[in-house]
Ligand code: 13P
Ligand code: ZN
């Protein structure tokens, strides 16, 4: 895609001349902030009156009819900002799309930036929606990128940035965020272009930001205000009364409205980062495979225990929870106190009779395993499960009823060595479930890893 034809004498230099001061300032600022490591970042400017020039034509992956005949100054791939600041013309390409926007020619010794797809997709949108916005700056602001790691959900990230300092009141509505998409990719280009219909700056998770304005100074302003907010968020997050620990963005999912967002001493707890699935939207989460373990609760007395088991069932992403008999089920105030909102993320159904639930499960080939200290019980850590399996947990005082035990394909217990000779039913469920999870390798599976 190299241009072999001699460029028309000094066309690039003449075109760039009116913009050299702002390009130099922008490049200098990006470099001095430490956001432009190696060749990080790129700039572009949309220009209308660029004459046609000769040279081989490069085809575009997708056409931009609205940009037909439009010219651009764009940094060359691999350009260092600190060098651009010293000698802007040598780091720039002059590029012009053909009449129908299906290909382009360019003048420079370098290839145009690897983010050309995102720059073109964005300029196409800006040309139509906000023609006065002619510049684009992409860079890698350190604090902002760090914050995208801590808050992968755009809503939470934007909520935090918006509260960090007063300037953000002005900029907040012009800013949005995208999840990680590969640098230089068509996906990143398309998502970015779409976002610029409504916004003037788009954060790219784990990568950086791209911003527009009528000139490079105003695009730079946006980026500097955002990174300042990100720096404040990071610097203040461990201080008592930190505002970072109270994201205003509404939770993505009912199950994500964790009370634990605020540690009692105001120290940020970052629950969202620790859960493997909390970056997912409700639809994506609903599409994840659930573990082939059903939990049947046979006449549990305590609604608090049921809530704890809901929370556990969410954490281990089990197939379903089946409260039976007089076991509490949602909505229930006591249950909600310990379930911490997980009744929305765990599939559940209830039966009047535990035996009826077990018969239905068995008819579908599901192994039924009772948890009970009985003569024939196998210690849980030695039991051979056959999946799918259903764990049946019984009443805290009375245990499992005889009719339930008779329907079990196996019985397990947890060896105990104390005076009381039993443990809490929710604790027992946790021990058994996580033993299964570690034996089956589920703990090491990163189905949802980013
Ligand atoms: P270029 O040097 O190709 O412009 O790439 C820098 C960059 O930041 C890519 O996202
Ligand atoms: Zn980049």
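The values are calculated or read from the model by the stated rules, or taken from the named source; none is laboratory data. For clarity, every value in this text was computed on a predicted model and none was experimentally measured. Every residue, glycine as well, gets a Cβ built from its backbone with ideal geometry; the counts of neighbours run over all protein chains shown.
Considering only residues in region 159-188 that are outside any helix (DSSP H, G or I) and closer than 19 Å to residue 238 by Cα, the one that is modelled with the lowest pLDDT turns out to be 165.
Yes or no: residue 390 assigned to a strand (DSSP E or B) and either touching a residue at least 60 places away in the same chain (Cβ under 8 Å) or over 17 Å from residue 327 (Cα atoms) (or both)? So residue 390 fits the description; yes.
Scanning region 359-384 for residues that are assigned to a helix (DSSP H, G or I), under 22 Å from residue 435 (Cβ atoms) and either touching a strand residue (DSSP E or B) at 6+ places or on another chain (Cβ under 6 Å) or in contact (Cβ under 8 Å) with a residue 40 or more places away in the chain (or both) turns up 361, 380, 381. Residues that are in a loop (DSSP other than H, G, I, E, B) and farther than 23 Å from residue 72 by Cβ: does region 203-220 have at least one? Yes. Checking each residue of region 331-340 against the condition of being touching a residue at least 12 places away in the same chain (Cβ under 8 Å) and part of a strand (DSSP E or B) gives no match. A single member of 176, 139, 135 is within 16 Å of ligand 2 (Cβ to nearest atom) and touching a helix residue (DSSP H, G or I) at 6+ places or on another chain (Cβ under 6 Å), and it is 139. Residues that are surrounded by fewer than 19 Cβ atoms within 10 Å (Cβ to Cβ) and within 16 Å of ligand 1 (Cβ to nearest atom) within region 159-187 comprise 179, 180, 182, 183, 184, 185, 186, 187, listed in sequence order. Among the candidates 156, 146, 191, the residue that is part of a helix (DSSP H, G or I), within 16 Å of ligand 1 (Cβ to nearest atom) and either on the phi < 0 side of the Ramachandran plot or out of contact with any helix residue (DSSP H, G or I) (no Cβ under 6 Å at 6 or more places or on another chain) (or both) is uniquely 191.
Mind listing whichever residues of region 98-118 are crowded, with 24+ Cβ neighbours inside 10 Å and part of a loop (DSSP other than H, G, I, E, B)? Scanning region 98-118 gives 113, 115.
Conditions tested, residue by residue: (1) surrounded by 12 or more Cβ atoms within 10 Å (Cβ to Cβ); (2) under 17 Å from residue 317 (Cα atoms); (3) in contact with a strand residue (DSSP E or B) (Cβ under 7 Å, 6 or more places away or on another chain).
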residue	(1), (2), (3)
395	yes, no, yes
399	yes, no, no
405	yes, no, yes
421	no, no, no
427	yes, yes, no
431	yes, yes, no
434	yes, yes, no
439	yes, yes, no
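In region 23-52, the qualifying residues are those that are away from ligand 1 (no atom under 16 Å from the Cβ) and closer than 17 Å to residue 79 by Cα, and the one that is surrounded by the fewest Cβ atoms within 10 Å (Cβ to Cβ) is 32. From the list 121, 127, the lone residue that is assigned to a helix (DSSP H, G or I) and either at pLDDT below 95 or within 15 Å of ligand 1 (Cβ to nearest atom) (or both) is 121. Looking at 89, 61, just one residue is assigned to a loop (DSSP other than H, G, I, E, B) and either at pLDDT 95 or above or out of contact with any strand residue (DSSP E or B) (no Cβ under 6 Å at 6 or more places or on another chain) (or both), and that residue is 61. Kindly evaluate residue 111 against the criterion of being out of contact with any helix residue (DSSP H, G or I) (no Cβ under 9 Å at 6 or more places or on another chain), within 16 Å of ligand 2 (Cβ to nearest atom) and within 16 Å of residue 41 (Cα to Cα). Answer is yes for this residue.
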